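Notes follow the structure.
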Amino acid sequence: MLTAGGKGSTAVHAPLTLRPTKFKKAAFEEALAVQKPFNTLYHNVVRNEEWLESVLTELAKFDPAFSGRLLDLHIKAKAQRTQPLTAGLFRSDYIVHSAEGKDQIKQVEFNTVSVSFGALSTRLTELHNYLIESGIYCDLSIESVPKSKALYGLAKGLADIDGAYRAQNNVSGTAVLAIVQPGERNAMDQRLVEYELFDSYKVRTLRVTLSDVQELVRKTDTGRLIYTAGNTEISVVYYRSAYSPSDYPTEKEWDARLYLEVSHAIKCPNVITQLAGAKKIQQLLTEDKVLNTLSQDITPDEVALLKNTFVAIHPMDDSPQGLNARKLANEHPERYVLKPQREGGGNNIYKESIPEFLKSLPESQWGAHILMELINPAQSTNQILREGRLYDGEIVSELGVFGTVLWDTDSQKELINDVPGFLLRTKLQSSNEGGVAAGFGCIDSVQLVD
Ligand code: ADP
Ligand code: MG
């Protein structure tokens, strides 16, 4: 990773565990097995556009300046849509819940935009495998430490999406436009995907910030995006930014998002798919009535597997369920985490801080949040290496499983549904949040145990 004050010229290793962390094999396999049905479930969310828009319209009332603007942008762009294909690189995150001697993966959240650490997870599992194979960790066998193929899988996903654009438009030599944050510290995680995409598929990636888009990328009269220097046609707009209010400091960035959204390039993801990743949607999917109406093309067995991964999530609005949740939040805050509709870490309110936080907020704003039961993770021990220093302690881990999708909005068909790999993130038990980039956690690999 780049260092914080290094102006892009100095780097430090990403925080990592010295050894793989023990992980139940059955739980690991279950997480991989539910990814395809989850990809399809989110396809169903997005293709039930009227329902999704109505939920988001209610939500936008609490957050007009961000969620509301994204929704408006989607509505505006929809009228001018010329590209039926839409893509996603997703990641579903789980913690293994331990209760009554049973271990079961429980979903933390489903991410539909800017998922990270695929490439570094591959590097880390390769590092741990190297340490095992070279005899340094003689108590471990490489069979028990699966390599994450996420780096290769995500690059292949982008190559497939680029390929779909080329075939659709009978063009060649197209490139991926990566929308990145200025001063991104996690740039290597992105660069590795970029280089793999070029090495294996000869597809270039051009990196721009939202602020620079309209200066560097022009549009033809049929809406095709052309990177002006070199006259390169853009097949895929790949977002590694644009998910948080700070990514839109001025009107220029909002204009750029709309400019890209109404272009002919395939968006990965488009705005409505990004919004489908709202925590409110995750909450609604735990309601049987909603899940049943959104389970087209998912078998009943798969629906049962999806449901197994859910913990209780409550609305905080003024519906009867919401009123009950407000009571729970005040009477048993130690069981819950309160989440606003934000991405990227550092936004949640945990346990005993919940009542005080709610008191500080007008009741009319409570509905902007969801109340989620805390998952009780199995603890383990490991050593974390951060900026060259070792930290010992009790740790908890979170497994992420990646998904690649390509959907056709005209035929409503799923053209790609893949599972490119996984990621394990670990944090010291003492910190509530697990985001690696946000500075709380580190990357890890799994040692499968029975
Ligand atoms: P963000 O969109 O900010 O990444 P998350 O929902 O992933 O928000 O929450 C951030 C972190 O908080 C997670 O990585 C996890 O460590 C912790 N967390 C979130 N929900 C739960 C939960 N239900 N039980 C236990 N820990 C949780
Ligand atoms: Mg998260």
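The values are calculated or read from the model by the stated rules, or taken from the named source; none is laboratory data. Every value quoted in this text rests on a predicted model; they were computed, and no experiment measured them. Please note: Cβ atoms are built from the backbone with ideal geometry, for glycine as well, and neighbour counts cover all protein chains shown.
Of all strands (runs of 3 or more DSSP E) completely enclosed by region 332-387, which ones contain at least 2 residues that are among the charged types (D, E, K, R)?
none
When only residues in region 409-431 that are surrounded by 15 or more Cβ atoms within 10 Å (Cβ to Cβ) and charged (D, E, K, R) count, which is nearest to ligand 2 (Cβ to nearest atom)?
Here the answer is R425.
Can you tell me which residue is nearest to F117 (Cα to Cα) among those in region 209-223 that are surrounded by fewer than 20 Cβ atoms within 10 Å (Cβ to Cβ) and not polar (S, T, N, Q)?
Step by step, filter region 209-223, then rank; the result is D212.
State which residue is farthest from ligand 1 (Cβ to nearest atom) when the search covers only region 90-138 and only residues that are among the hydroxyl-bearing types (S, T, Y) and assigned to a loop (DSSP other than H, G, I, E, B).
Out of the qualifying residues, it is S134.
Among all residue pairs at least 6 apart or on different chains, which show Cβ distances below 8 Å where the first residue, located in region 422-437, is at pLDDT 85 or above and the second is within 8 Å of ligand 1 (Cβ to nearest atom) and among the acidic types (D, E)?
That search, which allows pairs on different chains as well, returns L424/E398; R425/E398; T426/E398; K427/E398; K427/E433.
Anything in region 159-204 that is acidic (D, E) and either surrounded by fewer than 15 Cβ atoms within 10 Å (Cβ to Cβ) or closer than 23 Å to R218 by Cβ (or both)? List them, or say none.
D162, E194, D199
Quick check on this structure: which one of F90, F62 is over 17 Å from L284 (Cβ atoms) and crowded, with 16+ Cβ neighbours inside 10 Å?
Criteria check complete, one pass: F90.
With the checklist (1) within 30 Å of E184 (Cα to Cα); (2) touching a strand residue (DSSP E or B) at 6+ places or on another chain (Cβ under 6 Å); (3) within 16 Å of ligand 2 (Cβ to nearest atom) in hand, flag the one item I375 doesn't pass.
Single failed check for I375: (1).
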